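So the structure is just underneath, and the comments pick up after that.
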Amino acid sequence: MLKKVTTFLTIFIIISSILNTNVTATTVTYFVYDSSGVSHGSYSSMFKAIDNTSVYGYGSYVGKDGPSNVVFIRNNSTSTYYKYQFTAYYGSTTSYSEAQEWVNGYAYTHIIDGTGRLVLNSYSMLKGTPDSWSLEPNNGGYLYKFSNAFNGYRKLYAQINLANASLKPSTTDQNFNAYIYMSSQNSTVTADAGLYCGWANDGEWRLFSCISGNFVDYGVICDSTLVNGVYRPDANIQMTYSYTTGSITISIKNLSTNVTINRTIYNSSIGGNMSMISATSYVPDIISTQTPDYRNGGYLLNVEYQGCKIYDTYNTAYDFWFTSSAVNYTMVYNNDCCATVSAGSGSNYKQIVTIFYDRAYIK
């Protein structure tokens with residue numbers, strides 16, 4: 001049954017109510033067939049099955065529970081748009097405006113074109129209107145929180161209660177990397193820095209920076225314990241990010257060891273009134289021709305943000321929550337796989353981000 005978008009409140013209640021995927025599960029198997037109808041394997045993930053049709057080329061297709069219920073045909077056309085809600089199939093169109101209406105009109109939806117590329121996902125705005133470039137259909141589930149760019153903000157701070165989070169790696173051969181970071185951005189440069197846990201890191205959360213595509217790893221901030229295939233981080237951290245003309249500085253304190261690591265990174269394009277960003281994401285490590293597997297069984301659960309602040313040039317602090325006045329927009333992208341909740345009050349108030357790729361099939 002279609003879940004229609006009505007109001008933001010409706011979307012938020014629906015998303016919040018399914019954080020733990022408390023729905024009636026239906027076992028579904030997806031079969032890959034070549035253009036002659038020969039079967040080439042079965043998958044529990046529709047996205048993975050669609051990705052694997054690339055091996056068999058034009059005319060290959062995916063059938064749900066067999067060849068008669070076709071949910072995707074690889075016709076190599078970027079102008080054929082297959083419509084899904086969750087992973088339930090609702091037909092195709094050759095009209096891009098109709099495809100846009102699909103994701104804008106219904107929550108938890110996706111558009112995949114005839115080449116197998118994800119081209120659109122539904123998303124939720126907690127505040128404001130997004131920039132079109134911030135809609136990244138192949139970058140998984142993520143939360144972006146952008147400041148107003150012309151208010152003279154120069155520094156961000158948050159305590160991130162990583163010890164309450166859980167990271168489960170993908171259970172398929174498509175790997176994902178988790179990021180919790182801050183950034184500043186102008187028309188010339190984007191300067192990211194923070195924590196990441198890569199698929200090959202064995203649960204280590206490491207400090208990184210990435211400016212104009214130059215990714216640098218500065219070493220381990222905290223480790224994790226592996227429990228039944230799930231990594232549980234061993235520390236909460238405090239993250240402070242600031243910029244000035246020509247450089248950014250990232251400071252991360254491990255609250256278990258009380259060790260603080262500071263790094264300053266230089267780039268001549270940094271400066272002026274930049275938009276400041278706080279972000280949480282769990283990103284597929286794929287090449288551009290692949291279909292991201294949003295049912296790979298992994299997740300990044302319960303990333304708690306506490307004490308979120310943004311500072312101006314006079315070091316005056318302002319709240320930096322999802323809907324604070326200092327925020328230009330906050331978006332929950334790909335709301336089939338990403339959600340937020342809030343908890344506590346006063347100094348114990350927290351905003352929590354969860355990204356999940358383990359949802360059961362929903363009709």
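What the table below lists for this structure:
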{"item": "Translational diffusion of the chain, µm² s⁻¹ [Kirkwood Rh, Cα pairs; Stokes-Einstein; 20 °C; 1.002 mPa s]", "result": "101 µm²/s"}
{"item": "Sorted by Cβ density within 10 Å, fewest first, the residues TYR241, TYR314, TYR82", "result": "TYR314, TYR82, TYR241"}
{"item": "Extension gain from ASN273 to ASN75, taking 0.36 nm per residue of separation minus the Cα-Cα distance", "result": "66.7 nm"}
{"item": "Reciprocal mean inverse distance between Cα atoms of the range 25-86 - Kirkwood radius, Å", "result": "11.6 Å"}
{"item": "Estimated Rh, the range 221-363: Kirkwood, alpha-carbon pairs, angstrom", "result": "18.0 Å"}
{"item": "Point-to-point label distance, ASP173-SER54, nm (Cα→Cβ direction, 7 Å offset)", "result": "1.3 nm"}
{"item": "Paramagnetic reach from TYR218 in the range 263-290 [backbone N under 14 Å; point 7 Å along Cα→Cβ]", "result": "263-267"}
{"item": "For VAL119, distant residues with modelled amide H under 5 Å away", "result": "ILE111, ILE112, ASP113"}
{"item": "Acute angle (nearest 10 degrees) that the helix 96-105 long axis makes with the longest principal axis of the chain, alpha-carbon atoms", "result": "60 degrees"}
{"item": "The chain, helix-only ellipticity at 222 nm - DSSP H runs n ≥ 4, -39,500 (n - 2.57), divided by all residues, nearest 500", "result": "-2000 deg cm²/dmol"}
{"item": "Tilt relative to the chain, helix 8-17 - C-alpha long axis, 0 to 90 degrees, to 10", "result": "80 degrees"}
{"item": "Phi to ³J(HN,Hα) by Karplus 6.51 cos²θ - 1.76 cosθ + 1.60 over the range 229-237, Hz, x for Gly, Pro", "result": "x, 10, 8, 10, x, 9, 7, 8, 9"}
{"item": "Calculated P(r) tail over 18 Å for the range 55-142, as whole % of Cα pairs", "result": "45 percent"}
{"item": "Most fluctuating residue given options THR264, THR53, THR26, as computed from a GNM of the chain linking Cα atoms under 10 Å", "result": "THR26"}
{"item": "Cut-off 11 Å (backbone N to label point 7 Å along Cα→Cβ of ASP131), residues of the range 171-192", "result": "184-191"}
{"item": "Values of log10 I(q)/I(0), in the order q = 0.17, 0.20, 0.26, 0.29 Å⁻¹, for the range 140-188 under a Debye, Cα-only, solvent-free model", "result": "-0.77, -0.93, -1.20, -1.34"}
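Every number in this text was worked out from the coordinates using simple rules, so none of it is lab data. Since the structure is predicted, the reported quantities are computational estimates derived from the model, not experimental observations. Glycine gets a Cβ as well: all are built from the backbone with ideal geometry, and neighbour counts include every protein chain shown.
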